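Visitor: Below is a structure I'd like to ask you about.
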Amino acid sequence: MRKSAMILALAGIWVGTAQAQTLKVAMGSDVKILDPIWTTAYAQRDFGYMVWDVLFALDNKLQIKPEMVESWSVSDDKLTWSFTLRDIKWSDGQPVTSDDCIASIKRWAARDTVGQRMMKSVAGFEAVDARTFRMKMTEPFGMVLAAFSKPSSSPAFMMPKKTAETDPNTQIKAADVIGSGPFVFKADEWKPGEKVVFTKNTVSKPRDEPPSGLAGGKVPEVDRVEWLWIADPQTQVAALENGEIDVIQNPPSDLLPLLAKDKDVKLVDSNPLGSQYVFRFNTLFKPFDDPRIRHAAMVAFGQEDFLKATVGDSKYYKICKQPFICGTPLGSDEGLKDVLNQDAAKAKELLKAAGYDGTPVVLLQSIDVAAMANLAPVAKAQLEAAGFKVDVQAMDWQTVIARRNRKDPPDKGGWNAFFTYSGAADILNPITASFFNASCEKASYGWPCDPEIEKLRDAFAKESDPVKQKEIAMTLQKHWVDAPTHVNLGQLYQPSALRTNIDGLIPAPATVFWNMTKK
């Protein structure tokens, strides 16, 4: 038996002749958490798109399109938004109602950075009838549709009222994963550490429009999708080349040249906007409770070493200091001249001036996600060259996801920093870019507390003039350089690897599996 087949068989994964309508996918992460509202991790976001749907979505031109919504309107004074749902059902056959959506919006908004910002301007909701509801505002908010259509980190997935009434700080249960999306989650076949199984949602009602980005008709073309967790990248590649799996979501960069030579495999860039690496600070504890020390880290870092260590081939990465993505409306080098130059000497001076006392930085390293495994060693070298003490703690990504929610001191099971990456479509402005949220306890893990950032984010959200929005964003960017909530470490472009008999992978800010066919 081939090595890859033997490993897959020992893991309990069937590797015989693939069913014509079963798509087998090696995902970039195991799935131990099912709730895409409780966590912003992309594995859970991708899970969400399999089973749930959204009110609005972005097409392939990043234009906002209706999805679950049939029609909508806003009053002249911009204080009343009305939404009428399409006639659709949950996978258990029950109708999707206004009450379901109102409860879902409230739960999502309690956790999501854009939702929190929107709710500051919301007076309340009203269910007009079973399919129409209103959202009443205390003041105009210019990003209502942008909030409902954000592709991640936490899309505003609509769930049945019973599920949506789960406390936002509590994970939903597997039995409550019921959606109106293209697939149905098979809770009885879920085996964390091994596989997640979905079947075609036979009661879903896709839109008539052709699929485009995350919008349009979400038609499940295969009967069954199996997400397989294969931790070893070489085993993933061997399984793909042998036809034992159909797709690798995130093949390791160093093996892309090998895959490119295989006549039975194709590489598809499913997210042309790419992603951005991020080093996230925990501002609750020393040393990163001091913005001067966070700024020193930003001075100590240089992007190229990170990108070479993780991506390798320069055609799949871009050195870019701009936090809002190079080549986009808010992309700018304003205030960035003296940071991200890997200036250890300058960082040492800043640390001394800030009174850094040698408190070690507990840095969480994800070792099972190929795109992130090599980030921590580079960070350790660059930070230590500047005078930081660094304690790298290795674990799998799902453990990082769970641990980063903890507010315990770093020496009691907490943390000081971790790595992740954000899809470019999620971080095009300071509202949707969740790591700019500096609202203290309401901010995401890291919990930065910066009134100046929040004042500027409020101003940006209420402003509708693009020129004035950019002025606000640049003022915020210059302040952020001095008191960073995170550090951006360059842009990467991650192709997926597919067998040549797989078609229909849609370019989108998230990996989606509707429209995909298997010959």
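The values are calculated or read from the model by the stated rules, or taken from the named source; none is laboratory data. This is a predicted model, so every value here is computed, not measured. Ideal geometry is used to build each Cβ from the backbone, glycine not excepted, and the neighbour counts take in all protein chains shown.
Visitor: Checking the conditions here, which among 175, 156 is of a type in the set (A, V, I, L, M, F, W, C) and outside the structural domain of residue 57 (by TED's automatic domain parsing)?
Guide: 175
Visitor: Further question on the same structure: Have a look at 180, 204 and point out the one that is outside any strand (DSSP E or B), among the polar types (S, T, N, Q), touching a residue at least 24 places away in the same chain (Cβ under 8 Å) and under 27 Å from residue 401 (Cβ atoms).
Guide: Of the residues listed, the single one that is outside any strand (DSSP E or B), among the polar types (S, T, N, Q), touching a residue at least 24 places away in the same chain (Cβ under 8 Å) and under 27 Å from residue 401 (Cβ atoms) is 180.
Visitor: Oh, and also: Taking into account only those residues within the range 154-168 that are assigned to a loop (DSSP other than H, G, I, E, B) and in contact with an Asp or Glu (Cβ under 8 Å, 6 or more places away or on another chain), which is farthest from residue 183 (Cα to Cα)?
Guide: The qualifying residue farthest from residue 183 (Cα to Cα) is 166.
Visitor: Looking only at the range 414-429, how many residues end up being at pLDDT 95 or above and assigned to a loop (DSSP other than H, G, I, E, B)?
Guide: 3
Visitor: Filter the strands (runs of 3 or more DSSP E) completely within the range 224-308 down to those with at least 2 residues that are buried (at least 22 other Cβ atoms within 10 Å of the Cβ) and modelled with pLDDT of 95 or more.
Guide: Here the list reads 224-228, 275-281.
Yes/no matrix, rows are residues, columns are (1) of a type in the set (D, E, K, R); (2) farther than 23 Å from residue 311 by Cβ; (3) in contact (Cβ under 8 Å) with a residue 60 or more places away in the chain:
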| position | (1), (2), (3) |
| --- | --- |
| 418 | no, no, yes |
| 430 | no, yes, yes |
| 438 | no, yes, no |
| 442 | yes, yes, yes |
| 475 | no, yes, no |
| 482 | yes, yes, yes |
| 502 | no, yes, yes |
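Visitor: Quick one: how many residues across the range 126-158 are under 16 Å from residue 68 (Cβ atoms) and within 24 Å of the chain's Cα centre (by Cα)?
Guide: 11
Visitor: Ok, one more. Residue 164 - would you say it is in contact with a Cys (Cβ under 9 Å, 6 or more places away or on another chain) and either surrounded by fewer than 22 Cβ atoms within 10 Å (Cβ to Cβ) or of a type in the set (Gly, Ala, Ser) (or both)?
Guide: Taking the combined requirement at face value, the residue satisfies it.
Visitor: Which residue, of 286, 261, 266, is charged (D, E, K, R) and free of Cβ contacts under 8 Å to residues at least 24 places away in the same chain?
Guide: Result: 261 is the single residue among 286, 261, 266 that is charged (D, E, K, R) and free of Cβ contacts under 8 Å to residues at least 24 places away in the same chain.
Visitor: Could you please find all residues in the range 89-117 being among the hydrophobic types (A, V, I, L, M, F, W, C) and surrounded by 16 or more Cβ atoms within 10 Å (Cβ to Cβ)?
Guide: The answer is 90, 96, 101, 102, 103, 105, 108, 109, 114.
Visitor: Hey, any hits in the range 62-72 for a residue that's within 26 Å of residue 277 (Cβ to Cβ) and either of a type outside the set (Gly, Ala, Ser) or modelled with pLDDT of 95 or more (or both)?
Guide: yes
Visitor: Something else about it: Just to be sure I understand, how many residues within the range 194-205 are under 24 Å from the mean Cα position of the chain (by Cα) and closer than 18 Å to residue 54 by Cβ?
Guide: Going through the range 194-205 one residue at a time, the tally reaches 1.
Here's the yes/no breakdown for (1) surrounded by fewer than 19 Cβ atoms within 10 Å (Cβ to Cβ); (2) at pLDDT below 95:
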residue: 447; (1), (2): yes, no
residue: 451; (1), (2): yes, no
residue: 468; (1), (2): yes, yes
residue: 471; (1), (2): yes, no
residue: 483; (1), (2): yes, no
residue: 486; (1), (2): no, no
residue: 496; (1), (2): no, yes
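Visitor: I would also like to ask the following. Across the range 360-405, what is the number of residues that are more than 23 Å from residue 303 (Cβ to Cβ), β-branched (Val, Ile, Thr) and surrounded by fewer than 19 Cβ atoms within 10 Å (Cβ to Cβ)?
Guide: The qualifying residues number 1.
Residue-wise test of (1) modelled with pLDDT under 95; (2) closer than 30 Å to residue 47 by Cα; (3) not hydroxyl-bearing (Ser, Thr, Tyr).
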residue	(1), (2), (3)
329	yes, no, yes
364	no, yes, yes
373	yes, yes, yes
378	no, no, yes
384	no, no, yes
388	no, no, yes
394	no, yes, yes
401	yes, yes, yes
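Visitor: Would you say residue 436 is under 30 Å from residue 469 (Cβ atoms), surrounded by 17 or more Cβ atoms within 10 Å (Cβ to Cβ) and either assigned by TED's automatic domain parsing to the domain that holds residue 311 or of a type in the set (Ser, Thr, Tyr) (or both)?
Guide: yes
Visitor: Separate question: Which of the residues that make up the range 272-293 are in contact with a Lys or Arg (Cβ under 9 Å, 6 or more places away or on another chain) and closer than 16 Å to residue 322 by Cβ?
Guide: Listed by number, the list holds a single entry, 274.
Visitor: Related question: Looking at the range 178-193, which of the residues that are farther than 27 Å from residue 72 by Cβ and of a type in the set (A, V, I, L, M) is nearest to the chain's Cα centre (by Cα)?
Guide: Within the range 178-193, the match that is nearest to the chain's Cα centre (by Cα) is 184.
Visitor: Can you tell me which residue within the range 453-466, out of those that are in a helix (DSSP H, G or I) and surrounded by fewer than 19 Cβ atoms within 10 Å (Cβ to Cβ), is modelled with the lowest pLDDT?
Guide: Checking each candidate, the answer is 462.
Visitor: Also: Take the residues in the range 355-401 that are charged (D, E, K, R) and touching a residue at least 12 places away in the same chain (Cβ under 8 Å); name whichever of them is farthest from residue 192 (Cα to Cα).
Guide: Within the range 355-401, the match that is farthest from residue 192 (Cα to Cα) is 357.
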